[in-house]
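The values are calculated or read from the model by the stated rules, or taken from the named source; none is laboratory data. Computed from a predicted structure; not experimentally measured. As a convention, Cβ positions derive from the backbone with ideal geometry for all residues, glycine included, and neighbour counts pool all protein chains shown.
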Amino acid sequence: MAKRNFRELLGRQWDQGKFLCVGLDSDLEKIPVSVRTGDAGQTIFAFNRSLVDATYDLVGAYKLNSAFYEAHGDGRFTALRETILHIKKVAPDVPVILDAKRADIGNTNAGYVESMFGYLDVDAITVHPYMGRESLQPFLDHGGKGIFVLCRTSNPGAGEFQDLEIEGQPLYQVVAQHVAHEWNTAGNCGLVVGATYPEELGAVRKIAPDMPILIPGIGAQHGDLAKCVAAAKNAQGRGFIIAIARAIIFASSGADYAEAARRSAQTFDGEIRKLM
C-alpha cells in the first residue's frame, strides 16, 4: 500500500473546493443519550462513525482533539484509532489531523511520533513551537506528514505571550517567520491561526504565502467566516482549512444528531464556497 502524503491528500480536497474540516471533539457528556452504551470508548466510536458517515462527502479533512479520547481510560486509544480507521475506510482521500499540541525534548517527541504517526497513523498533527525547531525535529523529519505549528491561537488569552514584541514584531509573527523560512525544509509545515483574530491571520498569510493554515474558532467561538476566508486565501485561492467542531457535531442533542450534523456541515460548506 502506498504511503499517504498529507499535502497531496489536502491538495486533492482543495481541487474539489473542499475547505471544511469537521472537528470530532466528541465530548462524552454531550453525546446524545440515544447513542450511549455502558462503555465510553464504544459510545464515542459509535457517535463518530455516524458523524463520519453523514459528512465525509462534504469535508476536506477531519480533526480529532486527543483530549476527548485520553480522558476515558483504557478505551481511549481504541475509540481514537477505530475512528481513524473508519475515516480511511469510507473516505480514503480525506486527511486526518490529530489535534494533540505535542512538544517536548527530542527523544520524548520520538515516542510521540511512534504513537501518532505509527500506531494511529494520522496524516497531520498540531505541535507547540515554544521549545524550538531542534525539539520538534522528529516530527519535521516525517516529510509525508503535516506538522501544524501553533502560531496565533483562538483563545481570549492568546495575546499574553503571542503579542509580546521582539524588536518591534509580535511573537506570533516571529513564529510564523521561523516556521515558513527555516523549519519547512520538507514542505510539510502548516500554521494554526484562530478565526477570532482575522487581522493577525492576514499578517500570517503575508509571511507564509504558500503554507497551509488551520483555522479553528468558527461556530461556537464566533469567528467571522467571511473575514477569515478573505485573509487566509493564498494567491491560488486556497491554502486554508476551516475547522468547526461543536456547531456541527452537536447541532442536535436528539436521535437525529447525524442528520443535523450533515445539515450544519452543508451550510458551512456552502458559505465557504460562496466566499471563494
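Residues in the stretch 227-253 that are outside any loop (DSSP other than H, G, I, E, B) and farther than 21 Å from GLN13 by Cβ: LYS227, ARG246.
Within the stretch 158-193, the only residue that satisfies the criterion of being at pLDDT below 95 and within 20 Å of the chain's Cα centre (by Cα) is ALA158. You will find that of VAL59, VAL122, VAL94, the residue that is under 20 Å from SER252 (Cα atoms), under 19 Å from the mean Cα position of the chain (by Cα) and buried (at least 20 other Cβ atoms within 10 Å of the Cβ) is VAL59 and no other.
Scanning the stretch 3-45 for residues that are small (Gly, Ala, Ser), modelled with pLDDT of 95 or more and surrounded by 17 or more Cβ atoms within 10 Å (Cβ to Cβ) gives a single hit, GLY23.
Residue check: ALA265 meets all listed conditions (1) farther than 21 Å from VAL94 by Cβ; (2) in contact (Cβ under 8 Å) with a residue 60 or more places away in the chain; (3) buried (at least 20 other Cβ atoms within 10 Å of the Cβ); (4) aliphatic (A, V, I, L, M) but one, namely (1). Exactly one residue among PHE139, PHE148 is in contact with a strand residue (DSSP E or B) (Cβ under 7 Å, 6 or more places away or on another chain), closer than 21 Å to ILE218 by Cβ and of a type in the set (Phe, Trp, Tyr), and that residue is PHE148. Within 21 Å of ARG262 (Cα to Cα), of a type in the set (D, E, K, R), assigned to a helix (DSSP H, G or I) and touching a Lys or Arg at 6+ places or on another chain (Cβ under 9 Å) - does that describe any residue in the stretch 29-38? Yes: one or more hits.
Cβ separations smaller than 6 Å between residues 6+ apart or across chains give the following pairs from the stretch 124-135 residues that are without any contact (Cβ under 8 Å) to a residue 40 or more places away in the chain to residues that are part of a loop (DSSP other than H, G, I, E, B) and not small (Gly, Ala, Ser): SER135/ILE105. Among all residues of the stretch 65-78, there is none that is part of a helix (DSSP H, G or I), farther than 29 Å from CYS151 by Cα and under 19 Å from the mean Cα position of the chain (by Cα). Of all the residues in the stretch 162-177, those that are surrounded by 16 or more Cβ atoms within 10 Å (Cβ to Cβ) and in contact with a strand residue (DSSP E or B) (Cβ under 8 Å, 6 or more places away or on another chain) number 6. Residues that are out of contact with any Cys (no Cβ under 7 Å at 6 or more places or on another chain), of a type outside the set (A, V, I, L, M) and surrounded by fewer than 24 Cβ atoms within 10 Å (Cβ to Cβ) were ranked within the stretch 195-211; the one that is farthest from GLU165 (Cα to Cα) is ASP210. Filter the stretch 140-161 down to residues that are assigned to a helix (DSSP H, G or I) and buried (at least 17 other Cβ atoms within 10 Å of the Cβ), then give me how many there are. Total meeting the criteria: 1.
Remark: LYS206 matches the filter, which requires a residue to be without any contact (Cβ under 8 Å) to a residue 12 or more places away in the chain and farther than 18 Å from ALA61 by Cβ. Here the stretch 1-27 is the region considered, the condition is being over 20 Å from the mean Cα position of the chain (by Cα) and of a type outside the set (Gly, Ala, Ser), and the residue that is nearest to ILE147 (Cα to Cα) is LYS3.
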